[in-house]
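Structure record follows, encoded as structure tokens.
The values are calculated or read from the model by the stated rules, or taken from the named source; none is laboratory data. Keep in mind the model is a prediction, meaning the values are calculated, not measured. Here the Cβ positions follow ideal geometry from the backbone for every residue, glycine too, while neighbour counts run over all protein chains shown. Each accessible area value is taken on the protein alone, full model and side chains, heavy atoms only, with ligands, DNA and RNA left out. Shrake-Rupley method; radii C 1.70, N 1.55, O 1.52, S 1.80 Å.
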Amino acid sequence: MNIPSIDNIFDAQTFQAALVNAPSPLPVFRTTLRNARRNLKRNFLKGTLATTLVFQHAKFIDFILKHAWQLEELDKHPGTSLIAVGGYGRQELHPYSDIDLLILLAPESRREVRHALEKFIVFLWDIGLEVGHSVRTLSECSHAASHDITIMTNLVEARLITGDRVLFNKLQEATNTKQMWPSDEFLHAKQAEQHKRYAKFDNTAYNLEPNIKGGPGGLRDMQVITWVAKRHFGVRTLHDLVTHQFLTETEYQDLIAEQDFLWQIRFALHLLNKRREDRLLFDYQVALAKQFGYQDQNYNLAVEQFMQRYYRTVKALNELNDVLSQLLQEAILYPTKAESITPLDSHFQIRNDYIEVTRPNVFETYPAAILEIFLLMGQHDNIKGISAGTLRLIREYRYLIDKQFRDNGAHNKLFISILRDTKNLPQILQLMSRYRILGKYIPEFGRIVGKMQYDLFHAYTVDQHTLFLIRNLCQFSSANAAQNFPICHHIMMTKTQPEILFIAALFHDIGKGRGGNHSQLGAQDAERFCLQHDLSDEDTNLISWLVENHLLMSSTAQRMDIHDPEIINEFTSQVQSQTRLDYLYALTVADICATNQKLWNDWKNSLLKELYHSTKRAIPRYQDNPLNRVEIISEVKVASLNLLKERGHSEAHVSLLWENWNDEYFLRGSTEEVAWQTQAVLEHLKLFFDDEVESPPLVTIRKRSHHGGSEIFIYGISYGNPFVNCSLTLDKLNLNIVDAKIINTKDNFILISFTVFNQDNEAISDDKQVELIRTNLAKNILLSSDSIIPAQRRTPRQLRHFSIPTEVKFSQLQKPRVTVIEVIAADRPGLLARIGCALAKCHVYVHKAKIATYGEKVEDLFYITDENQQPITDKKQQNSLRETICEMTQITL
């Protein structure tokens, strides 16, 4: 390998002269290291490529280590070798990469050099080198390597820095494939390691904060290929594989180009952190985008452009990795395996479980085969993958997928058949996307490949999220889904055209990054696709409607009062049919679950199910006889009364209590909830009936409600602003409020309901915590809110990188007569309590709250009145409230 000169980062003559004249070598080494690192950084920032600098850095460290070795006179002892291993052995050293060393000793040398070696290692640490080292004899190395694949892998990269070359050569002979880890065993071991490594990153390269070294498609994948190939073919460099005809020159150049970009990022990451860092955290993404020359555009932030290039680079590496991994498997494993060939048709056959073309010109003479191969894979469970040679041909001939290809009716039918007739559609679409077939066949999909959204809500790139959504839809047909997602399971098992959902899923986010309403843009794209693929008008309209309205059900359930019949009637008027409702429900659930693994919970599940069932009931009558408030209130009362009678309560006692409870209460709660709360109040009143003193507030808690979270119910004398006191108290107990309802009774009592989750997004399970919540709420409910000190907690790291100005919007409701304020703000610990304090400061009374968090942003709704229970319509008062909320929700990092 031709290593670049290091003269521009380090002057060897100056160093040696200073060493001669210095009373102690330590300051000279330290200064030299510091200056060299400063020069590496300077050269990088001036445009020198990381591909040059990592080799220069390794060569410089070689120089330093040789002189430190000589300083302790270790060069005078035969039977001692200083060996670079790992990345340093490859002569690839980023600014703060590990410097891994093996000190190899002849048995007779160990005692005589022990003291000198100790001084050598201490000296390296003292001058500022962070080294990882092991000291072993040849037999110890052989034993350790034969039992540990990690040690064996390090030795694959072994390179002599200085010392006994004969001893080093013996090490290479002792650890070659004839002595240990033959090629097939080594390959299996590295594949097992890779599977475990992938699992740590959720088996996707498209996470918000990817690891550029260890993540799927990262630098480690290239290294695995290189290790296995080096061990099998006995080569020293990646380019040597070209001469072995294992790698083509084009593939080699592609690999190097993708590697160079990742090296640029990794080098910059090290310099930014002043330590080893391989994670592309939010902390660095914006700075790196700027450093790499990206600028914000109208609909595409600089950081999103930079990350899209990263994700597309990783995708390209994944594709090449598949080709080379399969080639290695065929070269190493197949020669010892009996060959099995199963013909499929005139174009394809299965050889040793992998599909391949029957002749090299299949794609050239019959382009439809580019789609047909994926249809066949979806129809035959016994196909494990695509042969290396056929993968290469797909890469070579995918350019044939152009407008003429897409306009071909036979090709259109093939693609619809893939969506309709494959047994493992998610895996097939993943492969089609991985090999750029999906993006070429649907160019709009190609534009969102690698498209990230710089927020904490969307955990994956748009294309990966879309493929995960389709995976979720397919999994709804499984036996497990019958229990976890029963409605979705029923829908997927009874609908005869699941491809309608799959097409809607493909297009639901396809309009992102273009400006405008992405749902409308996607609906237009979907309509064109359906017309091109000769779908019926009915199916085309349904798919287009689903794409345009794919957020409707989620936003209605999470942001609207779905107990209000007017909300249900409005939603029903948009849905109109049971078919639309079924498809929209399944699409919504799959979408939420595919957006972020932490997003789906029992609370969202209960909201969507309630909206689904309410709409299902309303659909047959929404035009002629829509749901009305009086009817719903009557039904809730009758059903709740029947439950209470079954529990031993008399109708007279219940009716007497309910006389003082407003109709709004029965409109907002479920039958079971009303029965539980009424029973709690009756038993509480009975307990204190004979007491002359005023009864204390009732605070009762259900650890797990039908909503999934824990439900807190409070009943007591109406006093002050209970929402503020309760939100402050619950925040100090590290509980998240997702829903709040406050109802004043006619006899000056108050009914308060909270649905809460703990910090792990789960219901409360500990009895001691339940009692702690109950006692704190009972104590604080009647206090002045000023006397409750808000909790002080640090803002999490990820949230600090998002600056979202607080917005406050006002609207008015007539039934009930309240003002609705929507607060959009940056999420932070204690935000809801701060908003509550701002409302209390402005003498505003909260009747209901719906809390929704979308990654780094909250969008909360509060139904409020003034102290006289009147809506807030005065603009001056609204502006004052807006200013107070904005002031109290500003983030202090």
Flag for R647 being surrounded by fewer than 20 Cβ atoms within 10 Å (Cβ to Cβ) and at pLDDT 95 or above: no
Failed condition for Q179, given (1) out of contact with any helix residue (DSSP H, G or I) (no Cβ under 8 Å at 6 or more places or on another chain); (2) assigned to a loop (DSSP other than H, G, I, E, B); (3) without any contact (Cβ under 8 Å) to a residue 40 or more places away in the chain: (1)
Considering residues of the stretch 667-712 that are closer than 30 Å to N601 by Cα and polar (S, T, N, Q) only, the residue modelled with the lowest pLDDT: S705
Subset of the stretch 273-286 (residues that are under 21 Å from L456 (Cβ atoms) and open to solvent by 50 Å² or more (accessible area, probe 1.4 Å)): R279, D283, V286
Scope the stretch 646-666; condition farther than 18 Å from F754 by Cβ and under 41 Å from the mean Cα position of the chain (by Cα); matching residues: F666
Any hit, the stretch 343-350, residues being open to solvent by less than 20 Å² (accessible area, probe 1.4 Å) and assigned to a helix (DSSP H, G or I): no
Pairs where the first residue, in the stretch 340-366, is at pLDDT below 95 and the second is open to solvent by 60 Å² or more (accessible area, probe 1.4 Å) and acidic (D, E), C-beta under 6 Å, 6+ apart: none
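Which residue, of H490, H508, H550, is modelled with pLDDT of 95 or more and out of contact with any helix residue (DSSP H, G or I) (no Cβ under 8 Å at 6 or more places or on another chain)?
The match here is H490.
Return the residue satisfying two criteria in turn: it lies in the stretch 817-834 and is small (G, A, S) and in contact with a Ser or Thr (Cβ under 9 Å, 6 or more places away or on another chain), and of such residues it is surrounded by the fewest Cβ atoms within 10 Å (Cβ to Cβ).
So in the stretch 817-834, the residues small (G, A, S) come out as 825-826, 830, 833.
Then drop every residue that is not in contact with a Ser or Thr (Cβ under 9 Å, 6 or more places away or on another chain), which leaves 825-826, 833.
On the way: A825: 22, A826: 19, A833: 24.
Going through the qualifying residues, I end up with A826.
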Hey, E193 more than 17 Å from A316 (Cβ to Cβ) and not in a helix (DSSP H, G or I) or not: no
Residues located in the stretch 554-588, provided they are under 21 Å from D539 (Cα atoms) and either among the β-branched types (V, I, T) or assigned to a loop (DSSP other than H, G, I, E, B) (or both): T572, V575, Q576, S577, T579, T588
Residue that is most open to solvent (accessible area, probe 1.4 Å) [pool: residues in the stretch 462-484 that are closer than 17 Å to A504 by Cβ, over 20 Å from the mean Cα position of the chain (by Cα) and not hydroxyl-bearing (S, T, Y)]: C474
Meets criteria (under 15 Å from V323 (Cβ atoms) and among the small types (G, A, S)) for S387: yes
Selected residue (only one of E251, E258 is among the acidic types (D, E), assigned to a helix (DSSP H, G or I) and either out of contact with any Leu (no Cβ under 9 Å at 6 or more places or on another chain) or within 20 Å of T52 (Cβ to Cβ) (or both)): E258
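Per-residue answers, yes or no, for (1) crowded, with 17+ Cβ neighbours inside 10 Å; (2) touching a residue at least 40 places away in the same chain (Cβ under 8 Å):
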residue	(1), (2)
F306	yes, no
Y311	yes, yes
V314	yes, yes
K337	no, no
Some residue of the stretch 613-627 being of a type in the set (G, A, S) and touching a strand residue (DSSP E or B) at 6+ places or on another chain (Cβ under 8 Å): no
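A quick yes/no check of all residues on (1) within 26 Å of W658 (Cβ to Cβ); (2) among the polar types (S, T, N, Q); (3) open to solvent by 40 Å² or more (accessible area, probe 1.4 Å):
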site: L698; (1), (2), (3): yes, no, no
site: H706; (1), (2), (3): yes, no, yes
site: G716; (1), (2), (3): yes, no, no
site: V724; (1), (2), (3): no, no, no
site: T729; (1), (2), (3): no, yes, no
site: N736; (1), (2), (3): no, yes, yes
site: K741; (1), (2), (3): yes, no, no
site: L751; (1), (2), (3): yes, no, no
site: Q759; (1), (2), (3): no, yes, yes
Candidates G47, G87, filtered to the one that is open to solvent by 10 Å² or more (accessible area, probe 1.4 Å), of a type outside the set (K, R) and free of Cβ contacts under 8 Å to residues at least 12 places away in the same chain: G47
Scope the stretch 835-873; condition open to solvent by 10 Å² or more (accessible area, probe 1.4 Å), in a helix (DSSP H, G or I) and under 27 Å from H563 (Cβ atoms); matching residues: A840
Test set (1) assigned to a helix (DSSP H, G or I); (2) under 19 Å from R309 (Cα atoms) - Q483 fails condition number: (2)
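When you check K876 against the structure, is it more than 37 Å from the chain's Cα centre (by Cα), more than 23 Å from F757 (Cα to Cα), surrounded by fewer than 18 Cβ atoms within 10 Å (Cβ to Cβ) and without any contact (Cβ under 8 Å) to a residue 60 or more places away in the chain, yes or no?
Taking the combined requirement at face value, the residue satisfies it.
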Members of the stretch 487-517 that are more than 25 Å from the chain's Cα centre (by Cα), assigned to a helix (DSSP H, G or I) and closer than 19 Å to E527 by Cα: P498, E499, I500
Some residue of the stretch 72-81 being without any contact (Cβ under 8 Å) to a residue 40 or more places away in the chain and either among the hydroxyl-bearing types (S, T, Y) or open to solvent by 40 Å² or more (accessible area, probe 1.4 Å) (or both): yes
Close pairs (7 angstrom Cβ cut-off, 6 or more residues apart or separate chains): under 18 Å from V630 (Cβ atoms) in the stretch 653-675, open to solvent by 30 Å² or more (accessible area, probe 1.4 Å) and assigned to a helix (DSSP H, G or I) anywhere: F666/K637; L667/R629; T671/A639; T671/L643
Boolean, A205 is without any contact (Cβ under 8 Å) to a residue 24 or more places away in the chain and among the small types (G, A, S): no
